[in-house]
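A.B. asks: Below you'll find the structure I mean.
The values are calculated or read from the model by the stated rules, or taken from the named source; none is laboratory data. The shown structure was predicted, so the numbers you read here are calculated from the model rather than taken from an experiment. Note that we place each Cβ from the backbone using ideal geometry, even for glycine, and neighbour counts take in every protein chain shown.
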Amino acid sequence: MRVLHFSDIHISLGLARIPMRDWPGKRLAGGINFLRGRGRRFERALYKLDRLAAFSDSGEVDLVVCSGDFTAMGTRAEFATARAAIQPFVVSPAEFVCVAGNHDLYTRAVVRQRRFETTFEGLLDSDLPDSRVEGPWPIVRLLGDDIAVVALNSAKPNPVPWRSSGRIPNRQLEATRAILARPEVQKRFVFIVTHYAPCLADGRPDTPAHGLENVGEFLEVCAGIERGAILCGHVHHTFRVRLPGIGPEVFCAGSATMHELEGFWLYDVDSDGMSARRGLWSGHGYELEPAAPGSRSDEGKRE
Ligand SMILES: [Fe+2]
Ligand SMILES: [Fe+2]
């Protein structure tokens with residue numbers, strides 16, 4: 001089975017398109033900062049997402065995973081635009097699994113109004129609904145005989161402008177531990193999906209202000225997975241890294257749409273394991289890097 005994994009598309013509409021009702025209580029300084037600075041690097045996000053859908057359609061993809069940060073500030077207009085933009089993935093034959101990023105749960109009001117859950121209603125279903133402990137989370141999907149997906153919410157509002165850290169609530173981690181012990185999950189290759197990356201590209205921890213606050217507990221739950229991978233975003237660089245003592249390799253999709261950093265991953269899973277190829281932006285569309293020696297995720301284990 002083939003899996004397309006992208007992340008951090010950051011659909012933004014510019015300051016002029018944000019209704020005044022969305023501003024009160026918002027991290028005004030942080031929002032302006034994003035839209036005037038880094039946000040400019042996402043100006044062609046909608047066009048690029050359209051091209052990514054075309055790439056996916058042409059590649060016989062069975063599953064599409066987006067690891068969050070659909071929006072810049074979680075406004076209603078951004079969510080509506082992002083939902084419309086991912087529709088080609090939704091109507092394709094491939095399954096679609098997604099998690100929220102911190103920009104999608106930007107303020108407490110956005111969370112209270114359940115904008116993420118409302119926007120992606122119908123796409124957050126689980127094949128193990130009894131395992132849900134917080135809203136739709138964790139989402140479990142069992143695809144064919146080969147793949148299990150366990151999608152967790154690691155994002156939360158950060159009222160302090162200079163913080164963008166995440167946390168996977170203990171209840172979700174405990175639920176994940178139980179899910180991983182189930183026979184129908186154990187026999188499959190397991191993709192753990194979280195917005196927050198458990199490390200940076202060199203394997204070192206992210207900073208306390210930007211990273212996953214309870215990364216140790218998360219990795220402890222994942223450590224024993226023999227056939228699997230951790231899929232994430234949040235760090236806007238596409239990388240893969242194997243952490244000492246942790247069974248599944250970490251794959252960060254980076255950002256599919258950020259100017260000059262565009263990337264994603266394509267995974268092929270069979271009964272023997274998984275191989276991964278990095279995707280990149282050519283200027284007009286997306287393509288794959290040539291397969292490199294050691295691209296199989298299970299090869300790294302023997303090093
Ligand atoms: Fe992001
Ligand atoms: Fe993020």
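A.B. asks: Taking the range 47-77, which residues are at pLDDT 95 or above, over 24 Å from PHE191 (Cα atoms) and within 14 Å of ligand 2 (Cβ to nearest atom)?
C.D. replies: Correct list: empty.
A.B. asks: When the range 108-117 is examined, which residues are found to be touching a residue at least 40 places away in the same chain (Cβ under 8 Å) and more than 16 Å from ligand 1 (Cβ to nearest atom)?
C.D. replies: Residues of the range 108-117 that are touching a residue at least 40 places away in the same chain (Cβ under 8 Å), as a first pass: 108-111, 115-116.
Across the range 108-117, the qualifying residues are ARG108, ALA109, VAL111, ARG115.
A.B. asks: Regarding the range 123-131, can at least one residue be identified that is within 22 Å of VAL241 (Cβ to Cβ) and either within 19 Å of the chain's Cα centre (by Cα) or hydrophobic (A, V, I, L, M, F, W, C) (or both)? Steps first, answer last, please.
C.D. replies: Step one: list which residues in the range 123-131 are within 22 Å of VAL241 (Cβ to Cβ), which gives none.
No, the range 123-131 has no match at all.
A.B. asks: Still on this structure, please answer the following. I'm trying to understand the selection: among the residues of the range 56-85, which are part of a helix (DSSP H, G or I) and crowded, with 20+ Cβ neighbours inside 10 Å? I'd like the intermediate steps shown before the answer.
C.D. replies: Narrowing the range 56-85 to residues part of a helix (DSSP H, G or I): 56-58, 76-85.
Those that are part of a helix (DSSP H, G or I) and crowded, with 20+ Cβ neighbours inside 10 Å: SER56, GLU78, PHE79, ALA82, ALA85.
A.B. asks: List the pairs whose first member sits in the range 64-80 and is of a type in the set (A, V, I, L, M, F, W, C), whose second member is within 12 Å of ligand 2 (Cβ to nearest atom) and assigned to a helix (DSSP H, G or I), and whose Cβ atoms are under 9 Å apart, counting only residues at least 6 apart or on separate chains?
C.D. replies: ALA72/PHE34; MET73/PHE34
A.B. asks: Regarding PHE189, is this residue closer than 25 Å to LEU280 by Cβ and under 15 Å from the mean Cα position of the chain (by Cα)?
C.D. replies: Working: closer than 25 Å to LEU280 by Cβ: yes; under 15 Å from the mean Cα position of the chain (by Cα): no.
Here the answer is no, as PHE189 does not meet what is asked.
A.B. asks: Just to be sure I understand, how many residues within the range 81-107 are farther than 18 Å from GLU262 by Cβ and either of a type in the set (A, V, I, L, M, F, W, C) or in contact (Cβ under 8 Å) with a residue 60 or more places away in the chain (or both)? Lay out the reasoning, then the answer.
C.D. replies: In the first step, residues of the range 81-107 are kept if they are farther than 18 Å from GLU262 by Cβ; the result is 81, 83-84, 87, 90-100, 102, 104-107.
Restricting the remaining residues to those that are either of a type in the set (A, V, I, L, M, F, W, C) or in contact (Cβ under 8 Å) with a residue 60 or more places away in the chain (or both) gives 81, 84, 90-91, 94, 96-100, 102, 105-107.
Total satisfying the criteria: 14.
A.B. asks: The conditions are (1) away from ligand 2 (no atom under 14 Å from the Cβ); (2) loosely packed, with under 14 Cβ neighbours inside 10 Å; (3) touching a residue at least 24 places away in the same chain (Cβ under 8 Å), and ALA175 fails exactly one of them. Which is it?
C.D. replies: Among (1) away from ligand 2 (no atom under 14 Å from the Cβ); (2) loosely packed, with under 14 Cβ neighbours inside 10 Å; (3) touching a residue at least 24 places away in the same chain (Cβ under 8 Å), ALA175 violates only (2).
A.B. asks: So if I check each of ASN33, ASN102, which one is within 16 Å of ligand 1 (Cβ to nearest atom), of a type outside the set (A, V, I, L, M) and modelled with pLDDT of 95 or more?
C.D. replies: Working: ASN33 fails: modelled with pLDDT of 95 or more.
The unique qualifying residue is ASN102.
A.B. asks: Tell me which residues, restricted to the range 272-290, are among the hydroxyl-bearing types (Ser, Thr, Tyr) and under 29 Å from LYS187 (Cα atoms). Give the steps one after another, and end with the answer.
C.D. replies: Narrowing the range 272-290 to residues among the hydroxyl-bearing types (Ser, Thr, Tyr): 275, 282, 286.
SER275, the sole residue that qualifies.
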